[in-house]
Amino acid sequence: DFIFLGFSSLAELQKLLLVVFLLLYLVTLSMNTTIMIIIWVDRSLHTPMYFFLCILSFCETCYTFVIVPKMLVDLIAERKTISFLGCAVQMYFFLFLGCSHSFLLAVMGYDRCVAICHPLHYNSSMTWRVCAQLVVASALSGLLIAQVVTPLVFCLPFQASRKLSHFFCDISPVLRVAFTHTNLSEAIIFTLGISVLTIPLMLILISYLFIVLAILQIPSARGRHKAFSTCSAHLIVVVVHYGCASFIYLRPSSSYSSDQDALISVTYTILTPLLNPMIYSLRNKDVKVALQKAIRK
């Protein structure tokens, strides 16, 4: 078994953390589920933008389910362990869903780019077939990365103690309890960072470059504000997601800190999935109107 040491330095606060994390998790599940139901039920939201938002909420619901329930149990368990196979399965689905999430954000950026830069051709460009293909491509990208990285990590010989300075089976903590990992760990983390963070982020930046150029050509200030407001929620989510993930995966291994990494990991495993539906529901007029209609019914 692997032994988690993620919150061992906060032993006196673990019951409080359990209550706080459980409440955040329940709110996250309820808000993401609400968004999925509203988009599914309300025909006015049957557009590519909200289709991608529905897929994003589904992805984040599954993503938190892979990590948070086990973390909550470990906060009150005397022995915080996970089996070798369980650790491999958790890492596999964490990588699959996390990487798919990153590529899906790039797809949502492309959708906003087409909507703002080529509004007259939007319906013909973003057909349901194209939207489905983009979602499948995002999922296959995440699946490929998880399929390659997970076996590379778990084919290594591990130390007898197997104590992970984390609260779930992330790449860096697992590799640090392997006997021979230095070159491989650097290669895996660097490849993961390049493929999952840098490439989608560059695609998002390119999309927003075209968006900014298109917005600057709009003559009225009101028109520019309306155009930018349609993608501001996505931009906030991108900044939070890539900011936290880049800090973890795109930095030298010499700056590794278990306590700091655990804190940042809480941000993108619990707070970010909670933040996304709040941003999209509170800042989006269409979602608020659809939610009000559903409540009246």
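Can you tell me which residue in segment 200-243 is surrounded by the fewest Cβ atoms within 10 Å (Cβ to Cβ), limited to those that are among the polar types (S, T, N, Q) and assigned to a helix (DSSP H, G or I)? The residue in question is Ser229. Within segment 2-21, residues that are at pLDDT below 85 sit with their Cβ atoms under 8 Å from residues that are in a strand (DSSP E or B) and open to solvent by 40 Å² or more (accessible area, probe 1.4 Å), at 6+ positions apart or across chains, in these pairs: Leu5/Lys163. Here is the figure for segment 246-297: residues that are at pLDDT below 70 and part of a loop (DSSP other than H, G, I, E, B) total 6. Screening the candidates Ala146, Ala115 for the property of being closer than 28 Å to Ile218 by Cβ and buried (at least 18 other Cβ atoms within 10 Å of the Cβ) yields one hit, Ala115.
Kindly indicate whether Leu26 is open to solvent by 60 Å² or more (accessible area, probe 1.4 Å), within 23 Å of the chain's Cα centre (by Cα) and within 26 Å of Ile295 (Cα to Cα). Full working, then the answer.
On the way: open to solvent by 60 Å² or more (accessible area, probe 1.4 Å): yes; within 23 Å of the chain's Cα centre (by Cα): yes; within 26 Å of Ile295 (Cα to Cα): yes.
Yes; evaluated as a whole, the condition is true for this residue.
Within segment 203-228, residues that are at pLDDT below 85 reach partners that are not in a helix (DSSP H, G or I) with beta carbons closer than 8 Å, at six or more positions or on different chains, in the pairs Arg224/Ile218; Ala227/Ile218. Of Phe93, Phe103, Phe52, all but one fail to be touching a residue at least 60 places away in the same chain (Cβ under 8 Å), open to solvent by 30 Å² or more (accessible area, probe 1.4 Å) and either touching a Gly at 6+ places or on another chain (Cβ under 7 Å) or assigned to a helix (DSSP H, G or I) (or both); the exception is Phe103.
When you check Ser30 against the structure, is it under 30 Å from Ser125 (Cβ atoms) and assigned to a helix (DSSP H, G or I), yes or no? No, not satisfied. Cβ separations smaller than 7 Å between residues 6+ apart or across chains give the following pairs from segment 160-178 residues that are under 14 Å from Thr150 (Cβ atoms) and open to solvent by less than 10 Å² (accessible area, probe 1.4 Å) to residues that are assigned to a loop (DSSP other than H, G, I, E, B) and not hydroxyl-bearing (Ser, Thr, Tyr): Leu175/His181; Ala178/Leu156; Ala178/Pro157. Note on segment 55-76: among residues that are open to solvent by 10 Å² or more (accessible area, probe 1.4 Å) and among the hydroxyl-bearing types (Ser, Thr, Tyr), the one that is nearest to Cys169 (Cα to Cα) is Tyr63.
The values are calculated or read from the model by the stated rules, or taken from the named source; none is laboratory data. Model, not experiment: these values are computed from the prediction. Cβ atoms come from the backbone with ideal geometry, glycine included; neighbour counts cover every protein chain shown. Just the protein is used for accessible areas: all its heavy atoms, side chains included, with ligands, DNA and RNA removed. Shrake-Rupley method; radii C 1.70, N 1.55, O 1.52, S 1.80 Å.
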